[in-house]
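Encoded as structure tokens, the structure appears first; notes follow it.
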Amino acid sequence: MGIVDSFKETVAFFEAIREEGFIVDYALIGGLALSAWVRPRTTRDVDLIVAISEQTAWNELAAVIETKLHKKVALQKGTQRTNIKEKLSFVAGQIEVDVIGAKGFDLASEAIRHAVSAKVFDMKVKVVTPEYLILLKLLPLSDQDIVDIKTLLKKADIKRLIPLAQRHFLLPKLERVMSEKKKAIRKQGPSR
């Protein structure tokens with residue numbers, strides 16, 4: 001199964017378990033969400049944030065994936081650095097699927113609520129907005145995240161992004177990345 005088919009199967013699965021009541025909602029984040037807003041970049045994983053229903057425990061979601069998809073699920077603990085409390089991963093075809101729980105992670109919960117429908121691989125899927133994608137990428141802030149954020153800033157509503165970053169205590173990180181972008185533009189000189 002190719003990457004596109006694996007992605008479509010994964011999204012269809014999460015849509016089905018949403019309809020069955022195991023999860024309340026979900027949204028695409030990561031490299032594929034980036035591709036919905038700006039030029040695509042290569043990625044070999046699907047990253048989702050998921051709000052589970054009140055009657056579903058995180059380990060039960062893992063069991064549902066193992067039972068219905070016949071996939072081995074790795075449960076992981078989140079990190080203080082990123083505010084992630086619950087995470088699980090599994091392999092679907094040629095891609096790794098990383099699922100982050102929104103419970104106790106206000107930024108993720110808010111990102112899901114404000115997510116919009118966008119086309120990814122010619123499939124409509126709920127994707128976090130550029131502003132929330134930037135904020136989520138500010139948490140780990142790897143070198144790739146910095147590159148992604150600088151690209152996403154072209155699509156983001158800065159007047160909306162700044163107060164969101166401030167509310168989620170990410171404004172200093174955002175300002176640092178934005179100042180690096182301005183320095184790079186000045187080094188390039190005037191465009192011809």
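Scanning for something assigned to a loop (DSSP other than H, G, I, E, B) and surrounded by 15 or more Cβ atoms within 10 Å (Cβ to Cβ), does segment 126-134 turn up at least one residue? Yes - at least one qualifying residue is present in segment 126-134.
Just one of the listed residues (148, 143) is touching a residue at least 40 places away in the same chain (Cβ under 8 Å), among the acidic types (Asp, Glu) and either farther than 25 Å from residue 21 by Cα or crowded, with 20+ Cβ neighbours inside 10 Å (or both), namely 148.
Conditions (1) among the aliphatic types (A, V, I, L, M); (2) within 23 Å of residue 50 (Cβ to Cβ); (3) touching a Lys or Arg at 6+ places or on another chain (Cβ under 6 Å); (4) not in a helix (DSSP H, G or I), marked per residue:
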{"site": "137", "(1), (2), (3), (4)": "no, yes, no, no"}
{"site": "148", "(1), (2), (3), (4)": "no, yes, yes, no"}
{"site": "155", "(1), (2), (3), (4)": "no, no, no, yes"}
{"site": "162", "(1), (2), (3), (4)": "yes, no, no, no"}
{"site": "175", "(1), (2), (3), (4)": "no, no, no, no"}
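Filtering segment 42-70 to residues that are in contact with a helix residue (DSSP H, G or I) (Cβ under 6 Å, 6 or more places away or on another chain) and in a loop (DSSP other than H, G, I, E, B) leaves only 43. Selection of first residues in segment 11-26 that are surrounded by fewer than 17 Cβ atoms within 10 Å (Cβ to Cβ) and of second residues that are in a strand (DSSP E or B), restricted to Cβ pairs under 9 Å at least 6 apart or on distinct chains, gives the following pairs, ordered by first then second residue: 12/123; 15/26; 15/125; 24/50; 24/51; 24/52. Scanning segment 37-50 for residues that are more than 17 Å from residue 93 (Cβ to Cβ) and buried (at least 21 other Cβ atoms within 10 Å of the Cβ) yields 49, 50. Each residue in segment 15-32 was checked for being within 24 Å of residue 145 (Cβ to Cβ) and either β-branched (Val, Ile, Thr) or at pLDDT below 95 (or both), and 4 of them qualify. The set of residues from segment 109-123 being at positive phi and touching a helix residue (DSSP H, G or I) at 6+ places or on another chain (Cβ under 8 Å) comprises just one member, 121.
Only residues that are aliphatic (A, V, I, L, M), at pLDDT below 95 and farther than 18 Å from residue 63 by Cα were counted across segment 84-117, and they come to 2.
The values are calculated or read from the model by the stated rules, or taken from the named source; none is laboratory data. Small disclaimer: the values here were computed from a predicted structure and weren't measured. Positions of Cβ are generated from backbone atoms using ideal geometry, with glycine treated the same way; all protein chains shown enter the neighbour counts.
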